[in-house]
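Asks: Below is one structure. I have some questions about it.
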Amino acid sequence: MNYKIALIPGDGIGPEVVAETVKVLDKIGEKYGHKFEYTKVLAGGCAIDETGGCLPQETIDICKASGAVLLGAVGGWQWDTLPGDQRPERALLGLRKELGLFANLRPALLFDELADACPLKPEIVEGGLDLVVVRELTGGIYFGEKGFKDTDLGPAAYDIEQYAEEEVRRIAIVAFDMAMKRNKKVTSVDKANVLESSRLWRRIVAEVSVDYPEVTLDNLYIDNATMQMVRNPKQFDVIVTSNIFGDILSDEASMITGSIGMLPSASLAKGNFGMYEPVHGSAPDIAGQNKANPMATILSAAMMLRYTFGLSAEADDIETAVKKVLADGYRTPDLYTEGTKAVGTKEAGDLVTAVIK
Ligand code: NAD
């Protein structure tokens, strides 16, 4: 079968990690008899240089005509002096909006082989860690009304947190569907003891849960959730939360897995459409030096196969191959410790590809 993928290599290490991921996907295609058709498009700094804007209309059109989007990273020092609304990173907001990406999935998976990189005590994460943060991506305070006004205390600024029932319902459904494929536990995180929008959030999540009798639902306040994340992260399976709480909680969750070079993510729209990208940025400090860890992007491609194309066995195959390469002791510079085998970006991609047989 043919699968259409829009490729956005972007800037910095983006093109390097995407190139390795394409190698891995092609090997999967060969093994399982699929054809992945890639269309390379511009976004970010390279798009500014070539077209004058960070997100050309052609890129949006090609993404919309594809089954999924695989993105490297955007941004870099060359464009840091541009005004905020013209910077490469604006392309990400534009893509989210144009493609209707309302759910952001960030798995935090601690590989046994990398347990040393986890900043928590070994006993806290013994036996590994495997959770997913499902963050609402297009609503809440980041997109609510904002402005300035005069108050008794002088000039003030405000941002409004607002959620429509439907926005909460659709993200809750993503979380419960995900829990059904995992360990059947959802933790909804809010601040319902203070915020009206959180009380609505909690009520709608509870309503959705009725359709998933096999899934256990817990509610936690955000302050408690951030504490639990470092006290006992193994209690979590799927966490669902608002845009701002998810922004913070997913960074905390990724930190406990130790390396930014290992973390994939997915942003999903209605239906199966999604954009897949590593959590890290364009790492200009190591770009073009064969030093970037390509695993986060390779694991993002595995998520793409699983969530957009429904190819679970193929996704498992990629994840197993990544684990095998780590278990064999190969490490890119970000993970290197004495006694392990140092490899560059290309070698890491080749090793994963070679394991898939
Ligand atoms: P960054 O994630 O690019 O880099 C942070 C640190 O982690 C750097 O030391 C970098 O070398 C290292 N690192 C990141 N990815 C790595 C990998 N795969 N392998 C090995 N080491 C890796 O974050 P930053 O330095 O804050 O941002 C750099 C640029 O990227 C900025 O222009 C920023 O706006 C942009 N950015 C883009 C995205 C995105 O495209 N989604 C996300 C975050 C930042």
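The values are calculated or read from the model by the stated rules, or taken from the named source; none is laboratory data. This is a predicted model, so every value here is computed, not measured. No Cβ is skipped: glycine too gets one built from the backbone with ideal geometry, and neighbour counts run over all protein chains shown. The protein model used for the area step is the full one, side chains on, heavy atoms only, and it has no ligands, DNA or RNA in it. Shrake-Rupley method; radii C 1.70, N 1.55, O 1.52, S 1.80 Å.
Let's see how each residue does on (1) more than 24 Å from the chain's Cα centre (by Cα); (2) modelled with pLDDT of 95 or more:
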position	(1), (2)
ASP317	no, yes
ALA321	no, yes
ASP328	yes, yes
ARG331	no, yes
THR337	yes, no
VAL343	yes, yes
LYS346	no, yes
GLY349	no, yes
ALA354	yes, yes
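Asks: Suppose we filter segment 107-134 for residues that are part of a strand (DSSP E or B) and out of contact with any helix residue (DSSP H, G or I) (no Cβ under 7 Å at 6 or more places or on another chain); how many remain?
Replies: Final tally of qualifying residues: 3.
Condition check ((1) within 24 Å of LYS323 (Cα to Cα); (2) more than 10 Å from the ligand (Cβ to nearest atom); (3) open to solvent by less than 10 Å² (accessible area, probe 1.4 Å)) across all residues:
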position: ALA253; (1), (2), (3): yes, yes, yes
position: ALA266; (1), (2), (3): yes, yes, yes
position: GLU277; (1), (2), (3): yes, no, no
position: THR297; (1), (2), (3): yes, no, yes
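Asks: Now for a separate question. I need the full set of residues from segment 158-184 which are in contact with a Leu (Cβ under 8 Å, 6 or more places away or on another chain) and not in a loop (DSSP other than H, G, I, E, B), in order please.
Replies: Hits for segment 158-184 are GLU165, VAL168, VAL174, MET178.
Asks: Then there's this: Please go through segment 305-350 and give me each residue that is part of a loop (DSSP other than H, G, I, E, B), free of Cβ contacts under 8 Å to residues at least 24 places away in the same chain and of a type in the set (S, T, N, Q), ordered by number.
Replies: THR340
Asks: Please determine whether any residue of segment 136-157 is in contact with a Leu (Cβ under 9 Å, 6 or more places away or on another chain), open to solvent by 70 Å² or more (accessible area, probe 1.4 Å) and not hydrophobic (A, V, I, L, M, F, W, C).
Replies: There is no residue in segment 136-157 that is in contact with a Leu (Cβ under 9 Å, 6 or more places away or on another chain), open to solvent by 70 Å² or more (accessible area, probe 1.4 Å) and not hydrophobic (A, V, I, L, M, F, W, C).
Asks: Taking segment 227-251 as the region of interest, how many residues are farther than 30 Å from LYS291 by Cβ, open to solvent by 40 Å² or more (accessible area, probe 1.4 Å) and in a helix (DSSP H, G or I)?
Replies: Residues that pass the stated criteria total 5.
Asks: Additional query: Residue check: is ARG90 touching a residue at least 60 places away in the same chain (Cβ under 8 Å) and either acidic (Asp, Glu) or within 16 Å of the ligand (Cβ to nearest atom) (or both)?
Replies: no
Asks: Run VAL205 past the list (1) open to solvent by 50 Å² or more (accessible area, probe 1.4 Å); (2) not assigned by TED's automatic domain parsing to the domain that holds VAL69 and report the number of the one that doesn't hold.
Replies: All conditions are met except number (1).
Asks: Run down ASP317, ASP350, ASP328 and say which single residue is open to solvent by 20 Å² or more (accessible area, probe 1.4 Å) and under 20 Å from GLY72 (Cβ atoms). Explain how you work it out, then say what you get.
Replies: Details: ASP317 fails: under 20 Å from GLY72 (Cβ atoms); ASP328 fails: under 20 Å from GLY72 (Cβ atoms).
Answer to the check: ASP350.
Asks: Give GLU37, GLU20, GLU30 a once-over and let me know the one that is within 14 Å of the ligand (Cβ to nearest atom) and either aliphatic (A, V, I, L, M) or not assigned by TED's automatic domain parsing to the domain that holds PRO233 (or both).
Replies: Every option except GLU20 fails the conditions.
Residues are listed down the side, and each one gets a yes or a no for (1) within 20 Å of the chain's Cα centre (by Cα); (2) on the phi < 0 side of the Ramachandran plot; (3) polar (S, T, N, Q):
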position	(1), (2), (3)
TYR3	no, yes, no
GLY33	no, no, no
CYS54	no, yes, no
LEU93	yes, yes, no
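Asks: Looking at (1) over 30 Å from MET1 (Cβ atoms); (2) within 16 Å of the ligand (Cβ to nearest atom), which is the only condition LYS341 fails?
Replies: LYS341 satisfies every listed condition except (2).
Asks: Now a separate question. Does ALA342 satisfy the criteria of being open to solvent by 10 Å² or more (accessible area, probe 1.4 Å) and touching a Pro at 6+ places or on another chain (Cβ under 8 Å)?
Replies: So ALA342 fits the description; yes.
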